[in-house]
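Before any comments, here is the structure.
The values are calculated or read from the model by the stated rules, or taken from the named source; none is laboratory data. The model shown is predicted, which means the values in this text are computed figures rather than measured ones. No Cβ is skipped: glycine too gets one built from the backbone with ideal geometry, and neighbour counts run over all protein chains shown.
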Amino acid sequence: MFTARDGTKVVFREPRSTDARSLMDFINEFVGEEKSGLLIDKKTNIRAERRWLKQRIREIKGKQTVMLLVEYDGRIVGNCDVKRRMWKESHRAVFGIALNKEVRGRGIGEALIRKTIALAKQRMRGLEAIDLAVIDYNKRAKGLYGKVGFVKVARMPRAIKEERQYFDEDWMVMRL
Ligand SMILES: CC(C)(COP(=O)(O)OP(=O)(O)OC[C@H]1O[C@@H](n2cnc3c(N)ncnc32)[C@H](O)[C@@H]1OP(=O)(O)O)[C@@H](O)C(=O)NCCC(=O)NCCS
């Protein structure tokens with residue numbers, strides 16, 4: 001249980017196989033949101049979501065992924081994960097986070113990142129660095145990543161094409 005600075009109480013927990021529908025509703029909300037900050041641009045369906053979730057749970061069991069969901073009012077409103085890369089990149093993992101509009105800007109993202117990274121450090125032996133890519137206009141995410149210890153290492157020009165417009169991405173790394 002985490003209490004945000006405005007008093008909102010949410011639960012951070014690992015995913016279960018019964019979460020597919022709630023996770024699908026959660027992720028599909030980003031599809032219609034202008035400048036959502038996420039890559040997804042097409043709604044998913046329950047079959048694809050079940051498959052996706054099954055795979056993630058398998059990775060969690062194998063200690064290749066850690067994932068925490070945010071539950072609020074019986075619904076999933078957030079997700080954060082650290083997924084280990086493979087082979088000669090297995091000392092690195094890739095980071096992702098998303099919160100629904102209704103719970104942003106209350107300190108939940110910061111607490112969620114810190115908890116997820118702590119769990120990754122605890123479970124993933126030999127992990128040396130966590131990296132991410134953030135679209136140029138996403139000032140809130142960049143501010144938060146800097147605050148928790150990610151450092152910008154590169155910029156990928158025209159990484160994202162959104163509504164026929166190109167945007168650069170910043171690549172950031174946290175060394176563990
Ligand atoms: C990005 C996101 C995870 C941030 O979570 P959040 O709960 O909204 O952020 P928080 O309230 O925890 O803010 C934590 C810190 O971020 C920074 N921050 C927040 N809003 C900011 C803004 N508008 N500009 C710059 N920095 C900002 C601040 O450092 C803030 O700390 P402070 O409140 O002590 O000043 C969340 O807004 C989100 O999911 N957005 C949509 C999806 C997305 O963009 N995902 C990331 C893709 S790379």
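Quick notes on this one:
- Pairs linking a residue in the stretch 97-123 that is more than 15 Å from residue 174 (Cα to Cα) to a residue that is more than 7 Å from the ligand (Cβ to nearest atom) and assigned to a helix (DSSP H, G or I), with Cβ atoms under 6 Å and 6 or more positions apart or on different chains, do not occur.
- Some residue of the stretch 40-61 being in a loop (DSSP other than H, G, I, E, B), closer than 26 Å to residue 104 by Cβ and in contact with a Lys or Arg (Cβ under 8 Å, 6 or more places away or on another chain): no
- Going through (1) more than 17 Å from residue 22 (Cβ to Cβ); (2) under 14 Å from the mean Cα position of the chain (by Cα); (3) not basic (Lys, Arg) one by one, residue 76 falls short only on (1).
- Some residue of the stretch 14-37 being of a type in the set (A, V, I, L, M), within 16 Å of the ligand (Cβ to nearest atom), buried (at least 16 other Cβ atoms within 10 Å of the Cβ) and touching a residue at least 12 places away in the same chain (Cβ under 8 Å): yes
- Summed over the stretch 1-17, residues that are within 21 Å of residue 119 (Cβ to Cβ) and either among the basic types (Lys, Arg) or assigned to a helix (DSSP H, G or I) (or both) total 4.
- Meets criteria (modelled with pLDDT of 95 or more and either within 11 Å of the ligand (Cβ to nearest atom) or under 22 Å from residue 23 (Cβ atoms) (or both)) for residue 69: yes
- Among (1) farther than 30 Å from residue 164 by Cα; (2) touching a Gly at 6+ places or on another chain (Cβ under 6 Å), the one test that residue 99 misses: (1)
- In the stretch 128-143, the residues that are under 9 Å from residue 169 (Cα atoms) form Cβ pairs under 6 Å with partners that are at pLDDT 95 or above and surrounded by fewer than 18 Cβ atoms within 10 Å (Cβ to Cβ), at six or more places apart or across chains, as follows: 133/171; 134/142; 135/160; 135/167; 136/167; 136/168.
- Counting only strands (runs of 3 or more DSSP E) that sit wholly inside the stretch 73-176, those with at least 2 residues that are surrounded by 13 or more Cβ atoms within 10 Å (Cβ to Cβ), within 11 Å of the ligand (Cβ to nearest atom) and of a type in the set (Asp, Glu) are 165-175.
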